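Peer 1: Can you keep this structure in mind? I'll have questions shortly.
The values are calculated or read from the model by the stated rules, or taken from the named source; none is laboratory data. Given the structure is predicted, the values throughout are model-derived calculations rather than measurements. Every residue, glycine among them, receives a Cβ derived from its backbone with ideal geometry; neighbour counts consider all protein chains shown.
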Amino acid sequence: MNAVDVRNLSKVFNQGRPNAVAALIDIDLSIEPGEFVSLIGPSGCGKSTQLRLIANLLEPTTGEVLVNGKPAGQARLDQDYGMAFQQAALFEWRSVAKNIELPLELKGWDKAERRKRALEMLDLVKLPEFGDALPWQLSGGMQQRVAIARALAAHPPLLLMDEPFGALDEMTREHMQDELLRICRETSTTVVFVTHSIPEAVYLSTRVVVMSPRPGRITSVIDVDLPPERDVRTREADAFFRGVTEVREALRGIGPAGSGGAP
Amino acid sequence: MRSPRALVRVVLPPVAFGVAFLALWEAAVKVFDLKPYFLPPPSAIWEQFRGNVGLVWDAASVSGTNALVGLIVGTVVGVALSFALARFRLLNDLVTPLAIALNAVPIFVLVAVFNNMFSITSEVPRRLMVTLVVQFIVLVNVARGLRQVEATQLELMRSYAAGQLAILRKVRVPNAVPYLFTALRIAAPASVITAFVSEYFGGSQNGLGSRIVGNIAISANAAAWAYVLGACLLGLAFFVAAVSLERVATPGGVSSRGRDGA
Amino acid sequence: MFGLALLLVAVSWELYKWLGPQDGGTVFGWSVLPRANDRAMPHVWEMLARYAEPERRDTGGPIVLVVAAGAWFSLRLALAGFVMGTLVGLALAVLMARFRVVERGLLPWLVLSQTVPLIALAPLVVSWGGRLHLGAFEWPRWLSAAVLGAFLAFFPVAVGTLRGLTSAPAASLELMDSYAASWRQTLFKLRFPAAVPYLVPALRLAATASVVGVVVAEISTGLAGGVGRLIIEYAREATADPAKVYTAVFGAAALGLLMAGFVALADFAMMRNRPREAIE
């Protein structure tokens, strides 16, 4: 059973009206459990839309989305995935631990169980002493770690991330990427990751899905030829640069006809 | 201007609600046989209003004039004082906590005191009260506008070796203009309300407030409601005037900052 | 600083008494200068001293007790009005947040009502006292004052709370969606907490409004027991006893300050965990 199955997916906004926009057409994608798949492409290529369709925050116009073998709607009700956004979207009035407990509260877990799980997750993201801190007391990177802890609190098999490191500076970003890989390895989570950054996509993923805009579609899927354990040496390896080049060329290949340039 | 379709979408629901409300009111009075001293039906109120338009207008002029005089004088005084506050830090530190405290207090009760300071038929106590209320609103807002200038703008002016007066004219005053209009939007209805309430403390009995009380005393409640309608129209007129003034004086839609609804 | 400001006011008062026209004066022909004689403007120390003296020449007990009792009466009404108004305002805001139709139809009226002198209705509402019977319940006069306070208070609460409820960031709303949270859960776990910084200034306005409503109800119809009535009564005796009315005026001021104090405490309790300043 695949972690995610997308078949014949298309999404049109404002269908039937003069300002209709075809955000996605003919998307076919299968993701196996344990994979780390990045969606990359220029603005307007529909990668965030696709993520939200998998998350069942939007309904497809045609086609179907299956998560964990179930329709996306059911998967959402069953909390089969966790989500993280570019803004950490922590509730500023809740402590860090209570933020992590939020999905568990909504599922009706009892207080002691919630606390225990929250502390586990804090250990996982290496913020064990920050349970009672308030979000504004944490740095951007730390807030994102809390957001990831919250996304994984109910131990979902799938993690959906929409440019979660976009607002961080470069050094913090690289550090967070390593943390994310470690966490996903320890929890065996499948990840669908939307990003603007080519090195980030290549560093993190087993496969990179390149998309193009107007209308949004998948132009190529690139297998990343790197070992599953990655660290700072990986960033300097030839295979890494080859991967980055492959992705970049795939992206450039989709510029306006004849220009050959980046969008 | 917005498209006609969007305009309808904005205007239709409140109008529909208003009409439905009036219809329900009228029906409720008939169905529940509500006594007139409790709630007269809208039709009766309208009748009274139409019949007494002249009287309502007269009363409204009295209250309205008091409000207007107080509004104008209060604005002038408030603006003048705000300059003093912006210039002298000590004055600012003295007056601001006073203004904040007075904001919470029903200062209109001072009319009782003012009535003793002037002759019994004078309208001055009421105008004085309105002036006082308006002056504080304008003062607090405009002073804030003069003070809260972007730090980068001040740095720029200092790099030009500009003096305090130049900074005042070129940076602080333009910055404060939207705050003035925010203040007027609050002060205009406040002036009407204050003029109104001041009439309950005795003195000349020509204004709207006195008429309302008078009519209730003789159990002419529908007439009293008619004067209430007049009062609402007066308040609305003042507010619309303030907003129009803002539109005229700041074309191009300068975004108004400052305290909303304070 | 505040004390210094008060001192300054007192000094200006005395200065005017000293320099001002004893029988009132004119500026450019308008008689706008108040009388500065001792009857119209008692000395500041006379006002303060008056507190120690009894209400009427012969009855015992210093007037400060009478004024305090009046202020206490009005305070309870204002509190009742404040609570009622806040509850109704909150409920209405939730209704408007839930049903956009209601918001679009009702919000313009609410905003408009803040520009219109609703206290014009005060005498009407008070006149229900003693005459209105709802079943076995007879409408007490004091309830009108509280209802008026509630009526004036609920408008700013409704408008402010609605702004707050709809202020939740889109990402947080999507998050709650991804949890398949119900509207009720989203309301209590996200929208209400997000609304608190907007509620705080609204409650301040509501507190002032409820005091105004109660005092106006009292003075427009002489509702007995409250500080408003005292002001009217004492003002009538101003020729014989000029300092008396000031005792009640300061009592009314104390009333307003006490209400503001309560709300400030509530603000403090609500905003304890927040780093940012309240939205003004």
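Peer 1: Within region A:69-88, how many residues are over 17 Å from C:Gln185 (Cα atoms) and either under 16 Å from the mean Cα position of the chain (by Cα) or aliphatic (A, V, I, L, M) (or both)?
Peer 2: Selection size over region A:69-88: 11.
Peer 1: Only one of (1) within 14 Å of chain A (Cβ to nearest Cβ); (2) touching a Phe, Trp or Tyr at 6+ places or on another chain (Cβ under 8 Å); (3) in a helix (DSSP H, G or I); (4) surrounded by fewer than 22 Cβ atoms within 10 Å (Cβ to Cβ) is not met by C:Asp177, so which one is it?
Peer 2: All conditions are met except number (2).
Peer 1: Specify which of the listed residues (C:Phe188, C:Phe268, C:Phe262) is out of contact with any helix residue (DSSP H, G or I) (no Cβ under 6 Å at 6 or more places or on another chain), assigned to a helix (DSSP H, G or I) and either crowded, with 24+ Cβ neighbours inside 10 Å or touching a residue at least 24 places away in the same chain (Cβ under 8 Å) (or both).
Peer 2: Going through C:Phe188, C:Phe268, C:Phe262 in turn, the sole match is C:Phe262.
Peer 1: Just the residues that are modelled with pLDDT under 80 and hydrophobic (A, V, I, L, M, F, W, C), please, taken from region C:239-277.
Peer 2: C:Ala240, C:Ala243 - these are the residues of region C:239-277 that are modelled with pLDDT under 80 and hydrophobic (A, V, I, L, M, F, W, C).
Peer 1: Return the residues of region A:62-103 that are in contact with a strand residue (DSSP E or B) (Cβ under 8 Å, 6 or more places away or on another chain) and within 22 Å of A:Met176 (Cβ to Cβ); say none if nothing qualifies.
Peer 2: A:Tyr81, A:Gly82, A:Met83, A:Ala84, A:Phe85, A:Gln86, A:Pro103
Peer 1: For region A:208-228, which positions are crowded, with 17+ Cβ neighbours inside 10 Å, in contact (Cβ under 8 Å) with a residue 24 or more places away in the chain and closer than 17 Å to A:Gly243 by Cα?
Peer 2: Across region A:208-228, the qualifying residues are A:Val208, A:Val209, A:Val210, A:Met211, A:Ile222, A:Leu226.
Residue by residue, here is whether (1) in the same structural domain as B:Pro125 (by TED's automatic domain parsing); (2) among the small types (Gly, Ala, Ser); (3) in contact with a helix residue (DSSP H, G or I) (Cβ under 9 Å, 6 or more places away or on another chain); (4) under 29 Å from B:Arg147 (Cβ atoms) holds:
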{"residue": "B:Leu39", "(1), (2), (3), (4)": "no, no, yes, no"}
{"residue": "B:Asn52", "(1), (2), (3), (4)": "yes, no, yes, no"}
{"residue": "B:Ala59", "(1), (2), (3), (4)": "yes, yes, yes, no"}
{"residue": "B:Gly64", "(1), (2), (3), (4)": "yes, yes, yes, no"}
{"residue": "B:Gly78", "(1), (2), (3), (4)": "yes, yes, yes, yes"}
{"residue": "B:Leu81", "(1), (2), (3), (4)": "yes, no, yes, yes"}
{"residue": "B:Leu90", "(1), (2), (3), (4)": "yes, no, no, yes"}
{"residue": "B:Ala99", "(1), (2), (3), (4)": "yes, yes, yes, yes"}
{"residue": "B:Asn103", "(1), (2), (3), (4)": "yes, no, yes, yes"}
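Peer 1: Would you mind telling me which numbered condition in (1) within 13 Å of chain C (Cβ to nearest Cβ); (2) assigned to a loop (DSSP other than H, G, I, E, B) A:Pro60 fails?
Peer 2: Going through (1) within 13 Å of chain C (Cβ to nearest Cβ); (2) assigned to a loop (DSSP other than H, G, I, E, B) one by one, A:Pro60 breaks only (1).
Peer 1: Here is a follow-up. Going through B:Leu139, B:Leu102 one at a time, which residue ends up being touching a residue at least 24 places away in the same chain (Cβ under 8 Å) and facing chain C (nearest Cβ under 10 Å)?
Peer 2: B:Leu102
Peer 1: Pick from C:Leu95, C:Leu4, C:Leu87: which is surrounded by fewer than 18 Cβ atoms within 10 Å (Cβ to Cβ), modelled with pLDDT of 80 or more, within 14 Å of chain B (Cβ to nearest Cβ) and assigned to a helix (DSSP H, G or I)?
Peer 2: It is C:Leu95.
Peer 1: Could you tell me whether C:Tyr198 is within 11 Å of chain A (Cβ to nearest Cβ) and closer than 30 Å to A:Glu105 by Cα?
Peer 2: No.
Peer 1: Which of the residues that make up region A:93-139 are under 24 Å from the mean Cα position of the chain (by Cα), more than 10 Å from every other protein chain (Cβ to nearest Cβ) and outside any helix (DSSP H, G or I)?
Peer 2: The answer is A:Val125, A:Lys126, A:Leu127, A:Leu138, A:Ser139.
Peer 1: Continuing with this model, one more query. Tell me, which residue of region A:49-97 that is at pLDDT 90 or above and touching an Asp or Glu at 6+ places or on another chain (Cβ under 6 Å) is surrounded by the most Cβ atoms within 10 Å (Cβ to Cβ)?
Peer 2: Going through the qualifying residues, I end up with A:Val67.
Peer 1: Mind telling me which of the residues A:Leu159, A:Leu104 ends up being touching a helix residue (DSSP H, G or I) at 6+ places or on another chain (Cβ under 8 Å) and in contact (Cβ under 8 Å) with a residue 60 or more places away in the chain?
Peer 2: Checking each option against the conditions leaves just A:Leu159.
Peer 1: Do you know which of the residues in region B:85-99 that are facing chain C (nearest Cβ under 7 Å) and in contact with a Leu (Cβ under 8 Å, 6 or more places away or on another chain) is surrounded by the fewest Cβ atoms within 10 Å (Cβ to Cβ)?
Peer 2: Residue satisfying both the conditions and the ranking: B:Leu98.
Peer 1: Output the residues belonging to region B:1-59 that are acidic (Asp, Glu), assigned to a helix (DSSP H, G or I) and more than 19 Å from B:Gly230 (Cα to Cα).
Peer 2: Correct list: B:Glu26 only.
Peer 1: Further question: Using the structure shown, decide if A:Ala149 is more than 24 Å from A:Leu251 (Cα to Cα), without any contact (Cβ under 8 Å) to a residue 60 or more places away in the chain, in a loop (DSSP other than H, G, I, E, B) and not assigned by TED's automatic domain parsing to the domain that holds A:Ala23.
Peer 2: no
Peer 1: Pairs needed: first member in region B:216-233, without any contact (Cβ under 8 Å) to a residue 40 or more places away in the chain; second member anywhere, among the β-branched types (Val, Ile, Thr) and assigned to a helix (DSSP H, G or I); C-beta distance under 9 Å; at least 6 residues apart or different chains.
Peer 2: B:Ile216/C:Val126; B:Ile216/C:Thr221; B:Ala224/B:Ile212; B:Ala224/B:Val213; B:Ala224/B:Ile216; B:Val228/B:Ile45; B:Val228/B:Ile212
Peer 1: Then there's this: Is region B:2-17 home to any residue that is over 30 Å from C:Gly226 (Cβ atoms), at pLDDT 85 or above, within 26 Å of the chain's Cα centre (by Cα) and not aromatic (Phe, Trp, Tyr)?
Peer 2: Yes: region B:2-17 contains one or more residues that are over 30 Å from C:Gly226 (Cβ atoms), at pLDDT 85 or above, within 26 Å of the chain's Cα centre (by Cα) and not aromatic (Phe, Trp, Tyr).
Peer 1: Ok, one more. Considering only region C:55-79, state which residues are at negative phi and at pLDDT below 70.
Peer 2: Within region C:55-79, C:Glu55, C:Arg56, C:Arg57, C:Asp58, C:Thr59, C:Gly60 qualify.
Peer 1: Where in region B:93-176 are there helices (runs of 4 or more DSSP H), lying wholly inside it, with at least 3 residues that are polar (S, T, N, Q)?
Peer 2: B:124-147, B:151-159
Peer 1: Count, please, the residues in region B:202-215 that happen to be without any contact (Cβ under 8 Å) to a residue 60 or more places away in the chain and basic (Lys, Arg).
Peer 2: Here the count works out to 0.
Peer 1: Pairs needed: first member in region C:209-229, within 7 Å of chain B (Cβ to nearest Cβ) and part of a helix (DSSP H, G or I); second member anywhere, surrounded by 24 or more Cβ atoms within 10 Å (Cβ to Cβ) and of a type in the set (Phe, Trp, Tyr); C-beta distance under 6 Å; at least 6 residues apart or different chains.
Peer 2: Every condition considered, the pairs that remain are C:Ile219/B:Tyr200; C:Ser220/B:Tyr200.
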